[in-house]
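Enquirer: Provided herewith is a single structure, encoded as structure tokens, for subsequent inquiry.
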Amino acid sequence: MTETDQLLKRLRQLLLEKAYMKGDFVLTSGKRSDHYFDCKRVTLDPEGLAVASELLVEKLRAASIDAIGGLAIGADPIVAGVVASSWKLGYPVRGFIVRKEPKKHGTSKWIEGSIERGSRVAIVDDVVTSGGSIITAVNSAKVEGLEPVVAYTLVDREEGGAENIEREGSLPFEPLVCYSELFS
């Protein structure tokens, strides 16, 4: 088993142990669901963030990505973890956060971070259901002159988000883990 395979196996375990819940939930998309992923329980955990970040840095390296970012708040810990891990792993990438609304003072920016126009960027979120957060981040990045080339998530709930991202965001979507993989 390769190191990447071991990291993916551990990420799946952490997602099931820490993030997965059964019950009656209303999702960000407005849909009701009998299960929920609170991925911040993984991305705000030292081991969980380290595992996810290392997996993402290797994907960024393979795709020659300059920076990673996403919509606040789901992407925040992931972006910070990837930026820190990227330095340690010898492929430093910058990070950025897309605000849900522009800053009301100072620069009135939508995007926080020092990213040069034309940079090849990856967009990330912790969980994808409809893909709306990633699509919003992709569109904001384009307005700021960035070049989104791929989207990542820790968990794809497999409820249409992948198709929406690829169609509306016009970029490939690569989940680290799909819902169906957790129970196979």
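The values are calculated or read from the model by the stated rules, or taken from the named source; none is laboratory data. All values derive from a computational prediction rather than experimental measurement. Backbone-built Cβ (ideal geometry, glycine too); neighbour counts: all protein chains shown.
Enquirer: Could you tell me which of the residues F25, F37 is surrounded by fewer than 19 Cβ atoms within 10 Å (Cβ to Cβ) and touching a strand residue (DSSP E or B) at 6+ places or on another chain (Cβ under 9 Å)?
Expert: The match here is F25.
Enquirer: Hey, another quick one. Conditions first: (1) in contact with a Ser or Thr (Cβ under 9 Å, 6 or more places away or on another chain); (2) of a type in the set (S, T, N, Q); (3) surrounded by 21 or more Cβ atoms within 10 Å (Cβ to Cβ). S130 passes all but one, so which condition is the exception?
Expert: Checking S130 against (1) in contact with a Ser or Thr (Cβ under 9 Å, 6 or more places away or on another chain); (2) of a type in the set (S, T, N, Q); (3) surrounded by 21 or more Cβ atoms within 10 Å (Cβ to Cβ), the one that fails is (3).
Enquirer: Give the number of residues within segment 36-54 that are touching a residue at least 60 places away in the same chain (Cβ under 8 Å) and not in a helix (DSSP H, G or I).
Expert: Qualifying residue count for the region: 2.
Enquirer: Could you identify the single residue in S133, S140, S170, S114 that is assigned to a loop (DSSP other than H, G, I, E, B) and touching a strand residue (DSSP E or B) at 6+ places or on another chain (Cβ under 7 Å)?
Expert: That would be S114, the only listed residue that is assigned to a loop (DSSP other than H, G, I, E, B) and touching a strand residue (DSSP E or B) at 6+ places or on another chain (Cβ under 7 Å).
Enquirer: Pick out the one residue from G74, G90 that is on the phi > 0 side of the Ramachandran plot and assigned to a loop (DSSP other than H, G, I, E, B).
Expert: G90
Enquirer: Is it the case that S119 is of a type in the set (S, T, Y), at pLDDT 95 or above and under 18 Å from D45 (Cβ atoms)?
Expert: Considered against the rule, which asks whether it is of a type in the set (S, T, Y), at pLDDT 95 or above and under 18 Å from D45 (Cβ atoms), S119 comes out as no.
Enquirer: Looking at this structure, is G95 modelled with pLDDT of 95 or more, assigned to a strand (DSSP E or B) and not aromatic (F, W, Y)?
Expert: Here the answer is yes, as G95 does meet what is asked.
Enquirer: Let me ask something additional. Which residue, of L7, L44, L15, L49, is within 19 Å of F183 (Cβ to Cβ) and at pLDDT 95 or above?
Expert: L15
Enquirer: Let me ask you something else. I'd like the full set of residues that are within 18 Å of D125 (Cα to Cα), assigned to a helix (DSSP H, G or I) and more than 17 Å from the chain's Cα centre (by Cα), limited to segment 17-35.
Expert: K18
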